[in-house]
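Q: Pasting a structure here, questions to come.
The values are calculated or read from the model by the stated rules, or taken from the named source; none is laboratory data. Source: prediction; values computed, not measured. Ideal geometry is used to build each Cβ from the backbone, glycine not excepted, and the neighbour counts take in all protein chains shown. Keep in mind that these areas ignore ligands, DNA and RNA; they rest on the heavy atoms of the full protein, side chains included. Shrake-Rupley method; radii C 1.70, N 1.55, O 1.52, S 1.80 Å.
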Amino acid sequence: MRPDPIAESTLQAAREALAREDRVTVLTGAGISAESGVPTFRGKGGIWRERNVTELATPEGFARDPKLVWEFYNWRRDLLQKCSPNPAHLALADLEKEKDGFVLITQNVDGLHKQAGSRNILELHGNTWRTRCPGCGRREDDPRGHVPYPPLCPQCGSMVRPDVVWFGESLDPGILEESARASQECGLFLVVGTSAQVYPAAALTPLAKRSGATVIEVNLEPTPHTELTDFALTGPAGEILPLLIGKG
Ligand code: BJW
Ligand code: ZN
């Protein structure tokens, strides 16, 4: 399905803006992985619609019931193992090859951008395929589907946790700083599949706009940032991004 005729002219103008600019920063959210079969967080079928965020995605929830939290992440890992990158992830990997000043900032923890071939990735909220020890800080890549419970740190014996950022936790300051810099210094900012409700990630689009970037948004529906975008492209990322980036 192609976008409607009005969006077609918007799409053409957005394509031209993108073609002109070498310093491109992209911010992605759960919507980019929806067509791969990964559930989003908010909206219809969203993970937080049927589950308690405080129990599953806060440090207090993990301290109270680590088994419940690990069951949740093992369910997510099982599901993710069956998912692969979709045309939106692949289009961004293609775009990176064309642009010298390309940075991909993602809020997603699913690892699908890397699987698609993207390289310069800033993972704002961590990665679900990695564990972190709260005791000694040891991080480990863990490509297993199901992590047997209780997962204990081989170095200090504490129980490890998913290396993701939960509510109330600070983001990695280095990654956040690089993301802010990439948002300030780009000429074009492309924001894809995020509801723009979670901070500080949601502050990056306004930051890019204030710093003079052209902003393109790709989403199924309007977001709190649609009004500040130069081009709002409404539709599924897996269809729009290949058209925008030139492989459609
Ligand atoms: C499609 C599509 C298709 C669907 N094609 N589009 C300032 C103001 C207000 C609050 C705060 C603030 N600063 C900090 C806060 C508190 C809090 C926060 O933001 N709360 C708000 C919710 C009110 N932030 C934090 O706690 C952050 N930490 C922090 O700031 O530390 C400093 C601090 C500490 C203590 C006190 C104060 C400050 C941490 C946030 C961590 C978020 N973690 C999660 C879980 C990660 C791990 C995991 O996955 O298990 O990250 S929550 C969840 O939301 C996940 C996502 O990355 C994140 C964003 O969601 P996203 O990607 O936008 O997904 P959805 O589902 O919301 O939207 C999907 C979109 O796609 C929709 O728009 C659809 O339409 C669209 N779509 N299909 C195109 N095919
Ligand atoms: Zn440890």
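Q: Would you tally the net charge around I105, using a Cβ to Cβ cut-off of less than 14 Å, leaving I105 out, and scoring K and R as +1, D and E as -1?
A: My count for the surroundings of I105 gives -2.
Q: Oh, and also: For the chain, what is the largest minus smallest coordinate of the Cα atoms on each principal axis, given in angstrom and ordered from greatest to least?
A: Principal-axis extents of the chain (Cα, largest first): 57, 34, 30 Å.
Q: Could you check how much of the accessible area of the stretch 135-185 is carbon and sulfur, as a whole percent, using a 1.4 Å probe?
A: 50
Q: So, one more: Counting only heavy atoms of protein chains, what accessible area per residue, in Å², does the stretch 93-248 have with a probe of 1.4 Å?
A: Heavy-atom accessible area per residue stands at 45 Å².
Q: Treating only the Cα positions of the stretch 155-243 as identical point scatterers, give the base-10 log of I(q)/I(0) from the Debye formula at each q in 0.26 Å⁻¹.
A: Relative scattering, expressed as log10 I(q)/I(0), comes to -1.30.
Q: Per DSSP H run of n ≥ 4, the term is -39500 (n - 2.57); total these for the chain, divide by its residue number, and report the mean residue ellipticity at 222 nm rounded to 500 deg cm²/dmol.
A: -11000 deg cm²/dmol
Q: Lysines within cross-link reach of K67: Cα-Cα under 24 Å, excluding same-chain residues under 8 positions apart?
A: Straight-line reach from K67, under 24 Å: K82.
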